[in-house]
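Okay, structure first, notes after.
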Amino acid sequence: MANYPLAPMLRVRYLHEEQAKRDVQTAERHLQKTQDQLQQAKDALKEYQIWRPSEEERRYAQILGQQISQEKLAKFREELGQLAQEELRLQGVVHEAEKTVNQAQEQVEKARKEVILARRACLKLEEHRDIWQAAQNREQERLSDLEMEEARSPTFESDES
């Protein structure tokens with residue numbers, strides 16, 4: 001029996017499918033990593049939002065009832081502004097982490113679609129191989145039947161020779 005002529009192509013498609021599956025696993029690991037980073041950023045922001053009001057109260061209590069120069073008051077306000085800026089920075093980190101998670105989710109979906117496409121390509125070739133194999137089997141049976149008929153039928157030689 002002859003070997004399937006497109007067997008090398010089928011092997012390449014199997015390799016492509018396996019690579020696509022590995023790409024999905026890689027994308028899923030990256031997604032998990034980005035989700036962890038997002039959670040850490042959210043936790044940091046939440047902790048800061050809890051800490052900041054108490055820190056502001058502590059700082060106000062520290063200067064309350066004291067005479068303070070304009071210079072020290074300006075510095076105090078600047079420090080309070082820095083606390084607010086830090087909260088905004090942490091919110092920006094959370095926002096960027098959310099973007100990264102969304103991009104990672106898109107990559108996972110794209111990788112999963114690639115697996116589906118690779119599997120379809122393999123299935124098409126497998127279907128072709130099955131059809132080719134069935135045709136080869138039919139041809140083999142036909143040749144076998146032809147040989148059997150030739151073996152069964154007596155050869156008629158003329159007695160007139």
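Using the Cβ atoms and a cut-off under 15 Å, what net charge is assigned to the surroundings of Tyr4, where Lys and Arg are +1 and Asp and Glu are -1?
0
By how many nm would the segment from Asn102 to Arg52 grow when fully extended, if each residue of separation counts as 0.36 nm and the alpha-carbon distance is taken off?
Details: separation 50, 0.36 × 50 = 18.00 nm, distance 2.93 nm.
Contour length minus Cα-Cα distance gives 15.1 nm.
Report the local net charge at Gln40: Lys and Arg +1, Asp and Glu -1, summed over other residues whose C-beta lies under 14 Å from its C-beta.
Summing Lys and Arg as +1 and Asp and Glu as -1 gives -2.
Mind checking the log10 I(q)/I(0) for the chain at q = 0.20 Å⁻¹? Debye, one equal scatterer per Cα, no solvent, two decimals.
Computed log10 I(q)/I(0) values: -1.17.
Where a number appears in this text, it was derived from the coordinates with a stated rule and is not lab data. Every value quoted in this text rests on a predicted model; they were computed, and no experiment measured them. Every residue, glycine as well, gets a Cβ built from its backbone with ideal geometry; the counts of neighbours run over all protein chains shown.
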